[in-house]
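Peer 1: This structure is in structure tokens; I'll ask about it shortly.
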Amino acid sequence: MSYILIPILTDIVDRVGHDGFRERGPFIAVGPQWLSIAFSNEVLAEVCLDEFIFVSPLTNALSPYRPFLLRCLAAGNKTATYVEGLGRAAQLGPSTESLDMLGTAAQDCLYARFAFSIFLICCGNYDVGDRVLGTFLQKVPHFPQALEIAEQVVTQIKDMGTPGNHAYRRYLRLNGIPACHMVHFTDVDVCPQCFALNYA
């Protein structure tokens, strides 16, 4: 492999990693040169970690994948930033650090944007959280997709475990009853007016 330039090798591993972090396994097994490329900050920052969103127990403290997630976090991977921020916000309670992580990831990830808005509301910053939630609703093509994202985030939090249960109770302040008065004549019990209230 000495005749292939390192930047080209890095690009190869990076492109393969866009399909999922497990796809890098063969490169790691080949030898030390490929191993160092597969774990380089350039590759870890871009590797696809979507599986951590949909299989939340991978992020738990006892998971064998946790060290890898933390390496990706240190490399600046947006999905790792979101997943770790969500876990800290749900399990440890309110903190500037977890909100900063969610806010950083919210620029690129709709799951992070939704979680950021709801945790802002839960921390007592209803107006800012509601504005962020408004930008989230503008970015999704239709409301049922917003509900799917919201439910996925709720599922993530449940799967991670929530030792920080009721940690936000003293901070949560909602601005009155929504315009819909929580009365819906559809098969869905949530509408854009009560979306924040329902999930907060």
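Peer 1: Considering only protein heavy atoms and a probe of 1.4 Å, how much of the accessible area of segment 110-162 is carbon and sulfur, as a whole percent?
Peer 2: On the way: 1210 of 2350 Å².
Roughly 51 percent, rounded to a whole number.
Peer 1: Length gain on complete extension for the stretch CYS191 to ASP127, per 0.36 nm per residue less the alpha carbon to alpha carbon distance?
Peer 2: Computed gain between CYS191 and ASP127 is 21.2 nm.
Peer 1: Between ARG169 and LEU62, what is 0.36 nm times their sequence separation minus the Cα-Cα distance? Round to one decimal in nm.
Peer 2: Extending this stretch completely gives an extra 35.7 nm.
Peer 1: Something else about it: Take ALA74 and LYS139, extend 7 Å from each Cα along the Cα→Cβ direction, and tell me the distance between the two endpoints in nm.
Peer 2: 2.8 nm
Peer 1: On to the next question. Could you work out how much longer the chain between LEU147 and ASP50 gets when fully extended? Use 0.36 nm per residue separation minus the Cα distance between them, nm to one decimal.
Peer 2: 33.1 nm
Peer 1: Heavy atoms only, 1.4 Å probe, whole protein assembly: order GLU42, GLU51 by accessible area, highest first.
Peer 2: On the way: GLU42 125, GLU51 60 Å².
From most accessible down to least: GLU42, GLU51.
The values are calculated or read from the model by the stated rules, or taken from the named source; none is laboratory data. Predicted, not measured: the structure shown is a model, and the values here were computed from it. FYI the Cβ positions are ideal-geometry reconstructions off the backbone, even for glycines, and counts take in every protein chain you see. Just the protein is used for accessible areas: all its heavy atoms, side chains included, with ligands, DNA and RNA removed. Shrake-Rupley method; radii C 1.70, N 1.55, O 1.52, S 1.80 Å.
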